[in-house]
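Report on the structure given below.
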Amino acid sequence: MRRVNGLAAICRAVGGVAVAPSAPGNHAHQHHRLFQAALFSTTSNNNSSARSHWFSNNSISGDESARAAARTVAGTMLFSVAATTLGEEVHAKEPVQSKFRPKDVVLYQYEACPFCNKVKAFLDYYDIPYKVVEVNPINKKEIKWSEYKKVPILMVDGEPMVDSSDIIDKLTKKIHPDVSTDSVVEDNEEKKWRGWVDNHLVHILSPNIYRSASEALESFDYITSHGNFSFTERIPAKYAGAAAMYFVSKKLKKKYNITDERAALYKAAESWIDALNGQEFLGGTKPNLADLAVYGVLRPIRYLKSGRDMVEHTRIGDWYSRMENAVGVSSKIQA
């Protein structure tokens with residue numbers, strides 16, 4: 001309890017610079033960067049200065065580890081069982097002609113960033129091999145070369161691309177250059193729902209994954225274990241980040257006029273399924289860019305309590321399983 005109370009000092013100004021007094025070599029600007037990295041869902045994709053990390057569910061120790069493992073298995077089954085019982089075959093991957101396939105693709109990312117995962121869903125679906133460079137959210141040394149200091153940054157054959165939606169638009173044109181302009185223009189529904197992902201769905205998820213102190217802690221346990229943190233950064237980042245984002249999530253809930261975060265999440269999931277209008281995907285028999293966007297930003301929360309609850313209480317599980325099957329395995333290669 002003493003540790004938590006001490007860390008509460010970092011939240012004296014919610015949404016401002018968070019400082020963990022006990023962190024070795026701590027500096028205010030370092031923690032500000034850390035919480036900027038965590039706060040990915042506070043604005044739209046086009047003008048985000050702060051967005052929210054979403055993380056997988058990790059256990060801590062002992063009996064809790066066993067319980068968490070059981071919950072993870074249950075969550076995985078909820079998301080995956082429909083894929084094994086579908087009456088119709090879903091064809092994984094969308095082929096790209098080799099002459100149009102980028103030859104060197106490098107993604108600068110945070111592992112749990114929803115917008116980075118949106119780009120990865122596109123790359124995986126089109127089977128475009130890519131390397132990943134995990135960015136340290138405190139010093140961002142991996143992107144010192146770039147004037148753009150956010151992620152994702154995608155280097156495509158030496159050309160930097162930024163902003164997830166813009167990256168996907170440019171890649172779509174790059175891999176389909178022989179398609180007429182009229183043919184690649186999005187229909188109204190696809191455009192509408194891609195905007196909905198960036199401007200609505202991401203704002204609902206942050207208050208959900210940081211809803212309680214325990215959910216915030218399990219989230220930061222994952223990011224500090226899988227992100228690019230030094231040994232001395234890991235522990236203070238975990239506890240300071242969890243404490244800060246727990247309080248920040250309350251501010252986000254108020255900012256976006258969310259009364260019940262779980263109810264808002266369930267409503268969003270049901271709205272998306274309604275939009276399918278009985279089809280397998282919004283794109284019909286195969287995913288379109290809106291399907292990939294929704295799937296991409298949801299993928300990092302699939303083992304979180306919020307993700308498990310969403311599947312249990314809404315109809316989204318079958319669609320998610322179809323997307324999981326269609327997107328297939330990762331196209332990531334070793335850097």
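Just the residues that are in a helix (DSSP H, G or I) and of a type in the set (Gly, Ala, Ser), please, taken from segment 112-128.
Passing the criteria: only 121.
Among the residues of segment 231-254, write down those that are touching a residue at least 24 places away in the same chain (Cβ under 8 Å), farther than 15 Å from residue 211 by Cα and open to solvent by 50 Å² or more (accessible area, probe 1.4 Å).
232, 239
Which condition breaks for residue 226 when tested against (1) open to solvent by less than 30 Å² (accessible area, probe 1.4 Å); (2) under 20 Å from the mean Cα position of the chain (by Cα)?
(1)
Limited to segment 278-302, what total is found for residues that are outside any helix (DSSP H, G or I) and either at positive phi or not hydroxyl-bearing (Ser, Thr, Tyr) (or both)?
11
State which residue is nearest to residue 311 (Cα to Cα) when the search covers only segment 257-274 and only residues that are open to solvent by less than 20 Å² (accessible area, probe 1.4 Å) and in contact (Cβ under 8 Å) with a residue 60 or more places away in the chain.
This residue is 265.
Filter segment 188-220 for residues that are of a type in the set (Ser, Thr, Tyr) and surrounded by 23 or more Cβ atoms within 10 Å (Cβ to Cβ); which is farthest from the chain's Cα centre (by Cα)?
By that ranking, first place goes to 210.
Please name all residue pairs, on different chains or six or more residues apart, with Cβ atoms under 6 Å, provided the first residue is in segment 282-299 and is under 19 Å from residue 112 (Cα atoms) and the second residue is in a helix (DSSP H, G or I) and among the polar types (S, T, N, Q).
296/117; 299/117
Looking only at segment 98-129, how many residues end up being of a type in the set (Ser, Thr, Tyr) and either in contact with a strand residue (DSSP E or B) (Cβ under 9 Å, 6 or more places away or on another chain) or at positive phi (or both)?
2
The values are calculated or read from the model by the stated rules, or taken from the named source; none is laboratory data. What you see is a predicted model, and the numbers here were worked out from it, not measured in a lab. Every residue, glycine as well, gets a Cβ built from its backbone with ideal geometry; the counts of neighbours run over all protein chains shown. Each accessible area value is taken on the protein alone, full model and side chains, heavy atoms only, with ligands, DNA and RNA left out. Shrake-Rupley method; radii C 1.70, N 1.55, O 1.52, S 1.80 Å.
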